[in-house]
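Laboratory data are not the source of any read-out in this text; all were calculated from the coordinates shown. Predicted, not measured: the structure shown is a model, and the values here were computed from it.
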Ligand code: KG4
Ligand code: ZN
């Protein structure tokens, strides 16, 4: 079954064709990062206008790269939340227009579930349930227990800043630009983690908190005369330390069979290496391009929902504050 996926929840306009939920036939991403970098973060109004300009060429390229015609497509999957309302509307309206014109089934996909499904694009056959999923993105740091392909239970979330948000804000404080995660990672390579930033362990809870860490960085930066590389290395160390230790402990408490990482922060090399070194269970993580926002993960997620007999009506609406589990 070939699914066309469409993703416009934030600042990437993306479309992809995926066969049977795991074979990527095309994966096209038009990033707006250079435009938003000028403002130091995403400007929602600008993002939705850029989606409007990019969506048709991006979908056309996804179809051309996959060398398929509309007769070959069996269903359309689109992110309907969480995300920026104006951005989501562009993708959802494009998906509805295609589905209606071609008489194709439509499925609205949860962006967080799609991030998790990126793991099936490469590792699908080896993943065993139940598994523990850590979603670390710009807006979320969620721990989710996954009991089956479409069964999710949220165990914890961030109480303030998400991991990616904290990295983006830290990069701004250190003058490293946007997006902050890759900028901090690059700067940290030349530094030593000399500063011991506070870690919010929140014992007895699966929640995360990163705002205290960010404030601590701000106070340190105010003092001046600190090396940006050493500060970036120390900040990255603190975030990775909390994410890895809390997730590995939760996996052991719950007796799951594997751990799945996903979301933009999962592209971080130190996070990936630490998980591999620390976890006794198999740890799955998509390749970097499938960690950050893309539409192949949306198509894969749509495939499993179609397989479960689920469809959305052509009155599908966006849900900017949607959560998972
Ligand atoms: O999943 P994503 O592309 O979009 C959302 O759904 O939010 O995640 C974006 C987040 C940003 O905060 C970005 O700074 C972070 O992922 N990120 C990284 C890396 N690449 C992207 N954080 C740490 N290391 C990276 N290499
Ligand atoms: Zn995302």
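The table for this structure:
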quantity	calculated
q = 0.26, 0.28 Å⁻¹, the stretch 81-136: log10 I(q)/I(0) [Debye, one scatterer per Cα]	-1.03, -1.10
Expected 222 nm ellipticity per residue - DSSP helices of 4 or more, -39500 (n - 2.57), all of the chain, to 500	-14000 deg cm²/dmol
Proportion of all alpha-carbon pairs of the stretch 166-290 beyond 26 Å (%)	22
Degrees separating the helix 228-254 axis from the principal Cα axis of the chain, which is the longest one	70
Degrees between helix 296-307 axis and first principal axis of the chain (Cα, 0 to 90, nearest 10)	60
For the stretch 191-256 versus the stretch 54-122, the gap between their alpha-carbon centres in whole angstrom	36
With Cα atoms, 0 to 90° folded angle of helix 44-66 axis to the chain main axis	60
Residue of 110, 245, 294 that the Gaussian network model of the chain assigns the largest fluctuation, springs spanning Cα pairs under 10 Å	245
Percent RCO, i.e. relative contact order, over the chain, from Cα pairs under 8 Å lying at least 6 residues apart	26
Cα principal axis extents for the chain, largest first, Å	61, 46, 30
Extension reserve of the residue 190-residue 317 stretch, reckoned as 0.36 nm per residue once the Cα distance is removed	41.1 nm
